[in-house]
Each structure stands twice: as C-alpha cells, then as structure tokens.
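Let me begin by presenting the structure, written as structure tokens, before commenting on it.
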Amino acid sequence: MIPPGYFFILSVVLFSLGIIAFFLKRDLITQFMAIEIMLNAANLAFLALAGSSNFLDAQVIVFFIITVAAAEAAIGLAIVLLIFRKKKTIKTETLNSMKG
Amino acid sequence: MNSFGATVPLLLIVGGALLVFLLEAFLKKENKNYLAYVSLFALIGCGILSAKAWNAGRSYFDGMLRLDNPALFLTFLFLIAVAFVILIGMKYISMQDANHGEFYGLLLLALSGLMIMVSSTNLIVIFLGLEVLSVSSYALAGLKRKDDKSSESAIKYFLMGSFASAFLVFGMAILFGTAQTLDISGLIAFFKTGPDNQVLSLVGFGLVLVGLAFKIAIVPFHMWAPDVYEGAPTPVTAFFSVGPKAAGFAVLIRLLAPYWNAGFGSAKLFAFLWALAALTTLVGSLIALRQKNIKRMLAYSSIANGGYMLIAVLAGDGTALLFFLTTYVFMSIGAFGSLIALTGNGREYNELEDFAGIGFKYPWIGAIFAVFLLSLAGFPPTGGFLAKFYVFVGAVRQGLTSLVLIAVLASLISVYYYLRIVVYMYMREPEREVSIELENPALYLVLFLSLYGVLQLGIFPGNVLYLIKQAVSALF
C-alpha cells in the first residue's frame, strides 16, 4: 500500500502548481482551471491527512467541496461567457477599465 | 425546539429567495416592486423567529449550528443591512435597467450565507456559508449586464474570491489532518496542548487566516476590492462593504480571541496580524487620498475601516468590534445611499466634480451625506467617533499602544479625504450639469433611519451597548 504521506506531498505539489498557473496564465479559463486544481488538491489533502479514525468525516467534507466547486464553476463560466460576448476575447489584459 | 425547528428562520430566507425567483417570471414589469415586499416580509419573519432564541444560547445538529447571542445579534444586524439595501435598490434597479428578481433573490441567498457563517463554530460549515455568500455575491456584482465595468468587477471578484477559497480549504485540510477536528473549541484545545506537527499546523492555520483576509480585504490581500466596489451596482457595493466584512470579522474573533491567550505559536501570528492591521489602516487611508471617484474612495475607506476592526480582533475586544460593526452598517449604507440619491435615469454621478455645489442645489441630500462622511471620519457626536474610541481604548488596555498610534494617524489622514467631499459640496460652484431623480421615498426612509442610527449610537449608545454586552458574554 502507498503510505498516505505521499498523497499529501502530491496534494502540496498540485496546490503549488495551481498557484503558479493562476499567476502566470493570462486567460480567464486557464486561471479558473488553476483554481479548480487547487480545490482538488485540498480534497486530496483532506483524504491523505484524515487518518483511519476520521476517514469518514473527510469523505463527507470532500463531497461538500466538490459541490462548492461545481457551484463556482456554474457561476464562473457564466461570467466568463458574459465577458466573452462583450469583448470577443477572454485575455485578462483587456480587463482594465478601472484604475487607481 | 428540535434541530430542524432551529433552521426555520434560515429556511424562511432561502424560501423567500426561491419565491422571488419564481415570481420574477410571472410578474409584469410595472409590478416588480412586489418582489421587494416579499423579500422584506421574509426578513421580518426571520427577525421575529430569531428574536425568540435570544439568551437561550442552544446549539443544534451536534454543535454544527449554534444560535448563541453573538450569532443572533449579527443576524439582526444583517437583516437590517439587507432590508436597507433592498430599499435603496428598488428605484435604482429600474433606473439602471437591471433585473429586479435577481437582485432581491440573490441578496436573500447571500444573507442566508452570512447567517450560516456567523451561527456555526465548525470551520467546514463556516466555509459552506462563506461560499453561499460568495457565489451569490459574484452574480450580484455583475448585475448590470450591459455595463462593462459591472461585468469586469464580477469576473475580478470571482477569480480572486475563489482563489482565496482554495487557500481557505487547503488550510482547513492541513488543520484537519493535524488536529483531527475542525470545531473551533477543539482546535483551540489542540493548540493549547502544543501540537505534534507544530510547523504544519501553523501553516494550515496561517492559510485559513490568509483566505479569510482576502475575503475581508485586509492589505496586502485587498487588490480586488476597489475594482469590485467601483464596478458593482451601488446598492450591491453598499452590501459588500458591510455584509461579508462583518461576517468575516465575526469568524475571526471567534477563532482568534481564545487563541491569543494560550495557543501554541500565537505570538508569531499575533505579530503577523499586527503588521497587517497597521498596513491596512495606513494603506487604505493613503490611497484613498488620491481617488477622484467617490465609490472607489469609499472602497478604500472601507479597507481602512477593516483595519480598525482588525485592531479590535487583536485586542480580543468583542464589545468594541460589535459596536464598530453596528455603527459601520449605518454609516456605510447611509453614505452609499446618499450616492444613490444622486442618480438619474440610466446615469450615475460618482466623480468628485459631480458633487461641486450639490450642498446648495439639493440641501437635504447634501446635509445628510455630510453627516455620514463626518461619522466615517470619526467626529463627535456621531456613532463613528464612539466606535473608533471604544476600539482604541480597548486596544490600549491590551497594551497595543503603538498600533493605536498608527491607527489614529491613519484616521487623521482619512479626515482629509472625507472632508474634501464636504468642501466640494458646499464651497464650489457647480461645474457639471447633474440631473437626478428626486422621487424615491424608500431611499429617503433608509437615509433617515441611518441618520437616526448614527446619531443614536453617537449620543445615546446605552441600549445597543447593553445588547452587545449580552451578546459578547456568550462569545467565549
């Protein structure tokens, strides 16, 4: 069996990749995907760190987080679509009408 | 009352929201105001049912839902705030050609998120409440679909908000892994014993705090706030400036006040938040100085006010925090309400130049706006003065003298930009043509009530302080 600690290391790596992608990428969909990766890294961390006594709790929490991620995806994609209809692009450089 | 009975006030709000969404499809355009009345009825019903639980202090669902006094006090505050926002929004929404049903319904859903956040001591439930609030807030920010700024503020709020949520969740995962619980009292007990995985658990706690700091716009996690506040429809901005902030600070004080005393690693986190509080008050006030757009200026002012609230959290002073939040609800909604009073059909006047000479052209609106600005600046005899005074006195008692000195300095700076608007209103000749819609009784009712609130809290704060003391005694 693979020890749970390895899964935790994997989740930290995924989370860091998500942060890096969020800051490096310049279009809305990819940034949104980065956030989804971060949320799923958190799911993996919940399961990896739960320990045998608390495993059931962790599984329930993971279902909550999946639901939250789905709700965020629904609203987020709708907003991205709104932006795309207006500007015909989803590059973040075009979002600069407010300054100061 | 069993556990399901305890959720009735919450279900009333959610049910009201669903009813509003349903009615939106069937009502004719000239009857859309009925949606506001339905929402207000839901709010009143929720208020009456919640009042019955005052002083009972019971918890339900194995401690997942706690209707203690602080939770109920904040619930009342949110009910008042959302009722005010609905009333100031009624005319605005039809003038700016946005959809009525979405506005009222999403506000009610956001309110249910706020109520969940403050009535739980389990981090995962708090997170779910926060997400209910956030998801509805993203949509609220983009309510003016034809307006570029509004859509832009929605996408910025969405990206930064869900980025912060990811931090919060990852921090919770680590905390859950080390402490094996996400209940706040369990976490505190865990930190008192001196954890086995010391560094890891502190990293988790830090990530949770960073996630919350994003949501309540603490410098340096505030970048999204000015854009979102500027672009969102003004009633929604009024809601953003009070609702999420109050709930976030309520969670922070529940989490941190017991932690400061004996928690492992508390000295380091205390120093970290000390620096953030100093930065927040100073940066918020300094950047507000060079804003030409009043909405954006009020956004920075709201960031600076978050700094004062953070000082109350650092001092572990629940009374001062709740009093500040109460006063802030009235002054902030009052100030944004005055901005809404200066809107015309399909037009908004938010630039500083638009306000030149307003004090003589529209004497009532000018005078009321001036009172709210003076209150935000902290002049006696308004509530803003006492709110800051209590926070500072409480902090000095806890030995945070240098932090209070920084905050006093920041609030002196803030006097300049608040008074600049008053100067423009009363000491400049009108430069631009401003045509505003004057017939808006619901808005005037809110302005009057907020004015009354600000003065009552400043001159006779006794009643409210009595309630707050009752609330805080159940906090720890």
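Restricting attention to segment B:134-144, the residues that are within 15 Å of residue A:74 (Cα to Cα), of a type outside the set (Gly, Ala, Ser) and more than 9 Å from chain A (Cβ to nearest Cβ) add up to 1. Inside segment B:264-308, can you point out the residues that are more than 17 Å from residue B:220 (Cβ to Cβ), of a type in the set (A, V, I, L, M) and either away from chain A (no Cβ under 14 Å) or surrounded by fewer than 18 Cβ atoms within 10 Å (Cβ to Cβ) (or both)? Those that are more than 17 Å from residue B:220 (Cβ to Cβ), of a type in the set (A, V, I, L, M) and either away from chain A (no Cβ under 14 Å) or surrounded by fewer than 18 Cβ atoms within 10 Å (Cβ to Cβ) (or both): B:267, B:289. Being of a type in the set (A, V, I, L, M), surrounded by fewer than 24 Cβ atoms within 10 Å (Cβ to Cβ) and under 29 Å from residue B:185 (Cβ atoms) is a property that does not hold for residue B:118. Criterion applied to B:214, B:272, B:190, B:240 was being among the hydrophobic types (A, V, I, L, M, F, W, C), part of a helix (DSSP H, G or I) and at pLDDT 95 or above, and the one residue passing it is B:240.
Screening segment B:1-81 for helices (runs of 4 or more DSSP H) wholly inside it with 1 or more residues that are among the hydroxyl-bearing types (Ser, Thr, Tyr) and at pLDDT below 90 returns the ranges B:3-6.
Of all residues in segment B:372-385, those satisfying the criterion of being surrounded by fewer than 22 Cβ atoms within 10 Å (Cβ to Cβ) and either among the β-branched types (Val, Ile, Thr) or farther than 19 Å from residue B:423 by Cβ (or both) are B:380, B:381, B:385.
Only one of the numbered conditions (1) more than 9 Å from chain B (Cβ to nearest Cβ); (2) polar (S, T, N, Q); (3) touching a residue at least 40 places away in the same chain (Cβ under 8 Å) is violated by residue A:40, and that is (3). Selection of segment A:19-37 for residues being assigned to a loop (DSSP other than H, G, I, E, B) and touching a residue at least 12 places away in the same chain (Cβ under 8 Å) yields only A:26. The residues in segment A:46-77 that are among the small types (Gly, Ala, Ser), within 8 Å of chain B (Cβ to nearest Cβ) and not in a loop (DSSP other than H, G, I, E, B) can be counted, and the count is 4. Residues that are under 27 Å from residue A:45 (Cα atoms) and either β-branched (Val, Ile, Thr) or not in a helix (DSSP H, G or I) (or both) within segment B:131-187 comprise B:132, B:135, B:169, B:174, B:178, B:180, B:181, B:182, B:183, B:184, listed in sequence order. Taking the criterion of being of a type in the set (A, V, I, L, M), under 18 Å from residue B:247 (Cβ atoms) and touching a Gly at 6+ places or on another chain (Cβ under 8 Å), the residues of segment B:136-176 that qualify are B:141, B:164, B:168, B:169, B:172. Looking across B:219, B:228, one residue alone is within 13 Å of chain A (Cβ to nearest Cβ) and closer than 19 Å to residue B:328 by Cβ. It is B:228. When B:131, B:152 are screened for being touching a residue at least 40 places away in the same chain (Cβ under 8 Å), of a type in the set (D, E, K, R) and either facing chain A (nearest Cβ under 8 Å) or touching a Cys at 6+ places or on another chain (Cβ under 7 Å) (or both), only B:152 passes. Consider residue A:83 carefully, then state whether it is over 13 Å from the mean Cα position of the chain (by Cα), at the interface with chain B (Cβ under 7 Å from one of its Cβ atoms), in contact (Cβ under 8 Å) with a residue 12 or more places away in the chain and in a helix (DSSP H, G or I). When the stated conditions are applied, residue A:83 passes them. Screening segment B:177-192 for residues that are touching a residue at least 24 places away in the same chain (Cβ under 8 Å) and in contact with a Gly (Cβ under 8 Å, 6 or more places away or on another chain) and picking the one that is nearest to the other protein chains (Cβ to nearest Cβ) gives B:177. Of the residues B:114, B:109, B:123, the single one that is more than 8 Å from every other protein chain (Cβ to nearest Cβ) and within 15 Å of the chain's Cα centre (by Cα) is B:114.
Checked against (1) within 12 Å of another protein chain (Cβ to nearest Cβ); (2) modelled with pLDDT under 95, residue B:170 passes all but a single condition, namely (2).
The values are calculated or read from the model by the stated rules, or taken from the named source; none is laboratory data. As the structure is a prediction and not an experimental result, all values here were calculated from the model. Note: ideal-geometry Cβ built from the backbone for every residue, glycine included; neighbour counts use all protein chains shown.
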